[in-house]
1. Among the residues of the stretch 104-136, write down those that are open to solvent by 40 Å² or more (accessible area, probe 1.4 Å) and among the β-branched types (Val, Ile, Thr).
2. Tell me yes or no: at least one residue of the stretch 188-203 is away from ligand 1 (no atom under 16 Å from the Cβ) and within 18 Å of Gln75 (Cβ to Cβ).
3. Which condition number in (1) farther than 23 Å from Val27 by Cα; (2) within 16 Å of the chain's Cα centre (by Cα); (3) within 16 Å of ligand 2 (Cβ to nearest atom) is the one that Thr175 fails?
4. Which condition from (1) within 16 Å of ligand 1 (Cβ to nearest atom); (2) of a type in the set (D, E, K, R); (3) closer than 20 Å to Val249 by Cβ is the one that Glu94 breaks?
5. Condition (residue is in contact (Cβ under 8 Å) with a residue 40 or more places away in the chain and open to solvent by 20 Å² or more (accessible area, probe 1.4 Å)) applied to the stretch 81-95: is it met by at least one residue?
6. Any chance you could count how many residues in the stretch 318-344 are open to solvent by less than 40 Å² (accessible area, probe 1.4 Å) and in a helix (DSSP H, G or I)?
7. Are there any helices (runs of 4 or more DSSP H) wholly within the stretch 189-299 with 3 or more residues that are surrounded by fewer than 18 Cβ atoms within 10 Å (Cβ to Cβ) and out of contact with any helix residue (DSSP H, G or I) (no Cβ under 6 Å at 6 or more places or on another chain), and if so which?
8. Of all residues in the stretch 137-178, count the ones that are of a type outside the set (A, V, I, L, M, F, W, C), out of contact with any Ser or Thr (no Cβ under 7 Å at 6 or more places or on another chain) and crowded, with 18+ Cβ neighbours inside 10 Å.
Amino acid sequence: MLLTRLINVLGVILISIHFIAPSIYYVMAMRWLRSDYGLRRITELDVDPSFVSIIIPTYNEARVIIQKLNNIYSQDYPRNRFEVIIVDSGSTDETIELIHEWVKNHKDVNVQVIRESARMGKAHALNTALRYAKGDIIMITDADSIWMSDSLKNAVSWLMNDNVGAVSCNKVPRTDKDIETEYRGYYGLLRVAESKRFSSAIFHGELAAYKRELLEKIGGFPTDVGADDSHTAGLISMMGYRAIIPEDVRCIEYVPSKGYWSWRVRRAQHLIQHFSRILRYMIFNGRSIPREYRQIMLYESYLHLINPWLFAAGLALIVISALHGSLISMALLLVGLALLAIRFFRTWVVTQVILIVAAIRNLWNKELVWKKIEK
Ligand code: GDD
Ligand code: MN
């Protein structure tokens with residue numbers, strides 16, 4: 001009886017910490033969100049704005065590549081101030097043929113196609129492309145994403161600031177899955193809030209722009225962490241530069257309808273790799289990292305690496321005590337079940353489950369080269 005009671009109390013404590021910790025972070029973040037970026041924004045790009053190398057990594061993107069090229073072509077930015085570098089790793093569909101066809105009809109933009117004979121992952125391909133890139137700004141974009149017509153211009157204008165080392169976009173998911181929309185809405189706010197404070201904890205491959213000299217300093221894109229975008233931004237932030245997601249840089253992302261869950265798990269696996277690595281740096285070289293960034297990353301690492309497990313452990317304890325007849329535990333479980341009717345709560349719980357599955361999966365497969373999931 002006493003033991004059941006103890007198990008019940010412990011379970012409730014764990015679950016409470018699980019929900020209180022992110023709430024505290026959320027309240028803090030909403031305060032940051034109300035401030036500004038603390039950066040001077042150079043909106044009037046001069047007649048000769050920065051030269052940008054736009055890199056598109058592709059692996060079997062025949063379905064979307066033409067739309068992607070058209071989207072870049074219609075950017076509100078002088079066409080002689082950017083180049084497009086496509087780096088393909090052995091696509092077996094028509095990606096390459098379609099690109100060549102498009103290039104023939106668009107002579108006023110410089111497009112290079114680089115082909116790797118074997119597929120060694122996205123980050124490896126980006127490093128290959130980097131060797132050919134001439135720009136002072138390197139901008140990565142996934143083939144299955146769309147920019148607004150001012151995304152390129154706005155991203156560059158933020159990068160004109162000396163303190164800004166990297167810029168990414170606000171993602172607008174194109175999907176009818178309410179779990180995805182809810183998840184994006186909530187995390188999108190956090191990304192902007194963190195950017196206003198110092199740097200976003202997470203970057204997006206739909207548009208990830210970096211100053212070239214900083215990329216060179218960190219030795220190119222990391223090939224041993226799946227989230228190449230977030231991790232590159234992290235390494236740049238640790239050097240003292242801001243890696244921000246400004247509100248006016250937006251992009252649309254396609255969300256797969258088939259294979260959605262394995263897609264979510266793989267991305268969570270990559271984020272876990274990123275946060276574990278940054279946490280290790282913070283433990284061993286914490287002092288050299290800007291204080292605001294340390295604060296953001298300590299919270300985010302906790303939320304991604306540890307917090308989901310408190311939920312699992314707390315829930316297990318409550319179930320055990322319910323099975324031993326604890327009425328309070330049974331009532332709590334019923335309340336929990338009822339709360340699942342609320343979309344936000346459901347989305348939260350699903351995200352915790354995904355993070356747990358992802359952490360376990362990382363033990364045997366890091367998914368550094370991943371299966372293509374059709375959008
Ligand atoms: N060249 C090359 N070689 N390109 C690749 C490879 C590869 O081995 N693997 C993937 N790509 C390309 C895809 O063709 C696409 O343009 C882009 O990299 C992103 O791949 P997706 O398969 O669309 O990934 P996602 O949207 O699910 O993944 C997101 O999360 C990743 C981290 O988990 C994106 O934001 C990625 O940028 C990010 O790395
Ligand atoms: Mn994608």
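1. Scanning the stretch 104-136 gives a single hit, Val113.
2. No: zero hits.
3. (2)
4. (3)
5. Taking every residue of the stretch 81-95 in turn, none turns out to be in contact (Cβ under 8 Å) with a residue 40 or more places away in the chain and open to solvent by 20 Å² or more (accessible area, probe 1.4 Å).
6. 5
7. Where helices (runs of 4 or more DSSP H) fall fully within the stretch 189-299 and carry at least 3 residues being surrounded by fewer than 18 Cβ atoms within 10 Å (Cβ to Cβ) and out of contact with any helix residue (DSSP H, G or I) (no Cβ under 6 Å at 6 or more places or on another chain), they are 212-217, 260-285.
8. The number of residues fulfilling the criteria is 10.
The values are calculated or read from the model by the stated rules, or taken from the named source; none is laboratory data. Note that the structure is a prediction, hence the values are computed from the model and not measured. Here Cβ is always computed from backbone atoms with ideal geometry, including for glycine, and neighbour counts include all displayed protein chains. These area figures cover heavy atoms from the full protein model, side chains too; ligands, DNA and RNA do not enter into them. Shrake-Rupley method; radii C 1.70, N 1.55, O 1.52, S 1.80 Å.
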